[in-house]
1. Any residue in the range A:357-378 that is among the charged types (D, E, K, R), within 8 Å of chain B (Cβ to nearest Cβ) and surrounded by fewer than 19 Cβ atoms within 10 Å (Cβ to Cβ)?
2. Applying the selection to the range A:569-602, what residues are within 30 Å of A:G162 (Cα to Cα) and open to solvent by 10 Å² or more (accessible area, probe 1.4 Å)?
3. Within the range A:487-515, count every residue that is touching a residue at least 60 places away in the same chain (Cβ under 8 Å) and open to solvent by less than 30 Å² (accessible area, probe 1.4 Å).
4. Take the residues in the range B:99-129 that are under 28 Å from A:V559 (Cα atoms) and away from chain A (no Cβ under 14 Å); name whichever of them is surrounded by the most Cβ atoms within 10 Å (Cβ to Cβ).
5. Please give the number of the condition A:A472 fails out of (1) among the aliphatic types (A, V, I, L, M); (2) surrounded by 22 or more Cβ atoms within 10 Å (Cβ to Cβ); (3) assigned to a strand (DSSP E or B).
6. Would you call B:R171 within 15 Å of the chain's Cα centre (by Cα), surrounded by fewer than 23 Cβ atoms within 10 Å (Cβ to Cβ), among the basic types (K, R) and away from chain A (no Cβ under 14 Å)?
7. Checking the condition more than 30 Å from A:V659 (Cα to Cα), hydroxyl-bearing (S, T, Y) and in a loop (DSSP other than H, G, I, E, B), which residue from A:T284, A:T262 passes?
8. I'd like the residue in the range A:237-259 that is part of a loop (DSSP other than H, G, I, E, B) and under 22 Å from A:A675 (Cα atoms) and, out of all such residues, is most open to solvent (accessible area, probe 1.4 Å).
Amino acid sequence: MLDAIFQALFGYRPVVFQQGELRFDAGVGALVAAGLAAAVMVAAIVTYRSVRAKGRLRDRLVLTVLRMAALAVVLFCLFRPTLVVRAAVPQQNVVAVLLDDSRSMQIPDWDGRPRGEFIKQQFGAPESALLKALSDRFLVRVFRFSSTAGRLESAGGLTFNGSQTRLGAALDGAREELAGLPVSGIVLVSDGADTSEASLSDALLPLKADKLPVYTVGVGSARLPRDVQIDRVSTPRSVLKDASLLLDVVVTHTGYAGRTVTVDVEDEGRIIGSEQVRLPADGTPATVHVRAAASEAGPRLFKFRVAPQPDEVVAQNNVREALIQVRDVHEKILYFEGEPRFEMKFVRRAVADDQNLQLVVLQRTADNKFLRLGVDGPDELFGGFPKTREDLFSYRALVLGSIEAGAFTGDQLQMIAEFADRRGGGLLMLGGARSFAEGGYGGTPVADALPLAIDPRTRATEPSDLARMLLAPTRAGQTHAATQIAASEAASANRWRELPQVTSVNAPLGPKPAATVLLTGTDERGRSQPVLAWHQYGRGKVVALTLQDTWQWQMHASVPLDDQTHENFWRQMLRWLVDGVPGVVEARTTTERVEPGEPVTVEATIVDKSYVELNDASVTARVTRPNGATLDVPLEWTGERDGLYRGTFVSTEAGTYEVAVDSSRSSAILGSGVAYVRAGPSDAEYFDPTMHEGPLRRIAEDTGGRFYTPETAAGMAEDVRYAGRGVTSVEERELWNMPIILIALVGLISAEWAYRRAVGLS
Amino acid sequence: MTGSVADGSHTARRAKACAALAAAVVATAAGVFAQVDVFRGDGFFAPRFPPALRADRAFSFCRLLYTSVRREPSGGGWRTDYPYGEINLMIRLSELTKTPVPFEGNRQPMHYVVRLTSDALFECPFTMASDVGTIGLSPAEAERLRLYLLKGGFLWVDDFWGTRAWDHWTRELAKVLPPADYPVEDVPLTDPIFSSQFVVTGVPQITNIGFWRRTGGRETSERGADSRDAHFRAIRDGHGRIMVAMTHNTDVADSWEREGEDPGFFYQFSPNGYALGINVLLYAMTH
């Protein structure tokens, strides 16, 4: 609209003024005329000065200025103003037209019609408006692009079924395809929803260097009237079988504020968790914590779904997928207890039915006398607590019960800290008369690792007063997987408050700065203290639970026999402790999903049994394709980081690929790890499905082009013509005959006349 | 396959270590015997019920207070072996293991008597009852005991002799745990309960000290041929863990209660009685 008005007033499109150079062609006649005009101006000034008695000074000044302006306009025209522009020579230059062929172009938000229809309407046939306008001036090369790009004979062949939009790759491809040809510009028609991870800046740099302008046309609406979207989900890539998951799902929407929707979690089609959420104001994300259980082992495709709502524009973004590796393995946890006490008994009982946890107990029953439970053989822990890193680091997690620091050597204390810091294991210290400061840990490496600060002055023989406490989850504890003991967050928080009193004989100073407190206890005098806290310590996590008798949650008279609170708490606690703990070989793919035919990058971190990174290991990934065929991919040390190996393979068909990484060194097997990657079309096109003006405008502005909407795109071909690129000719555009000149002249004269009438000078 | 191992049960070296520890029982007990640091089991003692709020959550020996519905020769009902059986056992437990045993100001370990109908029962994951050949369980008591055991509680019954006492006890026990679901079984000596701390090579038959004095220590079966062999029997839960331990035809608690009364009685019974007692306590605190 603005362009049309501009062109009506000035006779040319704005680009002519932007690109053109203003010149004047003043002949002798013009100079004479200028002299006469100057004389007239002087005369006018004198004339107005001489009529002092007839008006005020201000009126005379206004009339003088109006008269001067009118003469200036005439004078401007007499000097024959001309814009000199370089215009593309017709049919001598090429214009590349890049048409978005991705799925998001099916979204019906272009005046209620699919975005793709605009493309078909404007480029679908030789007589289509935009294509014809371009073809009249240029040699047009049409390309389609989505996840890949390619030449296209006609836009009629577009299916709008591409699973990705790669703007940068499309621009790169077109630029390279037309290298060496006189190119006036690139026209990019898209909704701007770039779903690739590549940086757009990288693609724009060569365009800027070549001064090749890109003219972008943004198709679609900047805001959908009614849409619900699973914006993102937070899931682990790997969990233990039968894990109780607390999955964070973020739902966004427009047009459904106040409506309650249900978020379902499906495991291969079976609903394993649901949670309702009342949608907040438009644009405000709602976070939902959905509980689900991973009961089937192997690579599992979890879907997070909100049912389509009435009149919803895009239903495809109501579902998100996540590939989760559900591992059916035994995670070995070493529990070192310094004294016979019931806490250990009930912890063992709580996880006895968990087939994926192996709780190995080393209990000191007397001086230099140990009871071993849950060991794999008579040699395990035969000498008591492990004395080498290799032995200790073979466990995934370490629980320290009521065992004083003095029971360890200095090196063992260092090993315990390294167990979390370097090995990445989970470390849990339980409350008791021989733990924390009361166990003499102050000033030791273990104290450094703890999430709670402890008083280094406390001596090992000084147990603190018994504190009887009722517990409550903190804000973080209400949403943490380890502290969920009922079916919902609210029920869990209530259940915590209902549980019988438990006690502690430890008095830590408080949480360390980076620690997260999950549970607090309040004693009978109303004093609160952190009871359950954790923090990340190096590669691992360290948890402090200052209680000594959680068995009350099982035995207390108020707890029903079938109550599973104690079992659930310990099962979740120990599973959380081993969650994410690395093995000797940690295999992963750099992306969770690729398009079929795309390369997959496999990475593996290799360490020895004492968790020292190895750079000289022999590492091979055995890839099992969906059809069962296998492929061995050697992984090479990257040199970027110690222990990091990398290799690639190309996916073929759609499906799930198993990547089993084996590692050996000097013919000795170090270990193995497995990862999964999925090849298949992505639904990313339907997420954030509005027209993304920002990237399109940026592409245009960075390259010297221009951004259009479907409504303003009509003049684009003319703009490209004046891009100044390719084979051009110099054209002159006279300005004296612009309608705005006549309008200005008439306006000024009329204004002078009207003013004179108004002030009584006529 | 995973299993439990008490150091001392697999190699000769460990067997020697175990023997040394058994000797330590004798040595420690003998030394203490001389110092009269243990308690003599004479007199009538009122039941010591737990306070509403216990001072700590450490191990305490809890004895079941029940109603006797019949009498057994030499039996005292729930009071049998009370309180010095538990007092002396807790003292030895504190000396021979790392178990934190709570003591009062007069160096008496804190032990309690609990009724099956009391909520305090559930604060005691370990309980013991003597002379259970006389026990009578009301339906409410039976239900509470069942609840206690299935939650994870451990009951050790001791000092009941002969067939009649056994039959009576098992009839009462059937009210608690149906035999079809929870059969009573003999516990083999290979069971971990016999090697928790000390290697127990046989179930000791221990008489009450009066019987021992009357027979000059030559006879240990208080019911003659009807109680010739001592048994260690048990009921296990679904995971194979012992919930109810039964020492039949033996009075293990008397070897603790009366250890300070006669050196002959002590040397004949107490080391084995303590070895078994401490093993059972450790088992109850670990399984």
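1. Looking through the range A:357-378, at least one residue is among the charged types (D, E, K, R), within 8 Å of chain B (Cβ to nearest Cβ) and surrounded by fewer than 19 Cβ atoms within 10 Å (Cβ to Cβ).
2. A:R588, A:T590, A:T591, A:E592, A:R593, A:E595, A:P596, A:G597, A:E598, A:P599, A:T601
3. So the count comes out to 6.
4. Only one residue fits best here, namely B:M128.
5. For A:A472, the failing item is (2).
6. Against the criterion (within 15 Å of the chain's Cα centre (by Cα), surrounded by fewer than 23 Cβ atoms within 10 Å (Cβ to Cβ), among the basic types (K, R) and away from chain A (no Cβ under 14 Å)), B:R171 does not qualify.
7. That would be A:T284, the only listed residue that is more than 30 Å from A:V659 (Cα to Cα), hydroxyl-bearing (S, T, Y) and in a loop (DSSP other than H, G, I, E, B).
8. Pass one, the range A:237-259, residues part of a loop (DSSP other than H, G, I, E, B): A:237, A:241-242, A:255-259.
From what's left, under 22 Å from A:A675 (Cα atoms): A:237, A:241-242.
Details: A:R237: 104, A:K241: 47, A:D242: 50 Å².
Among them, the one singled out is A:R237.
The values are calculated or read from the model by the stated rules, or taken from the named source; none is laboratory data. Just so you know, these numbers come straight off a predicted model, no measurement behind them. Don't worry about glycine lacking a Cβ; one is built from the backbone with ideal geometry, like all the others, and counts go over all protein chains shown. The accessibility values were calculated without ligands, DNA or RNA, using every heavy atom of the protein model including side chains. Shrake-Rupley method; radii C 1.70, N 1.55, O 1.52, S 1.80 Å.
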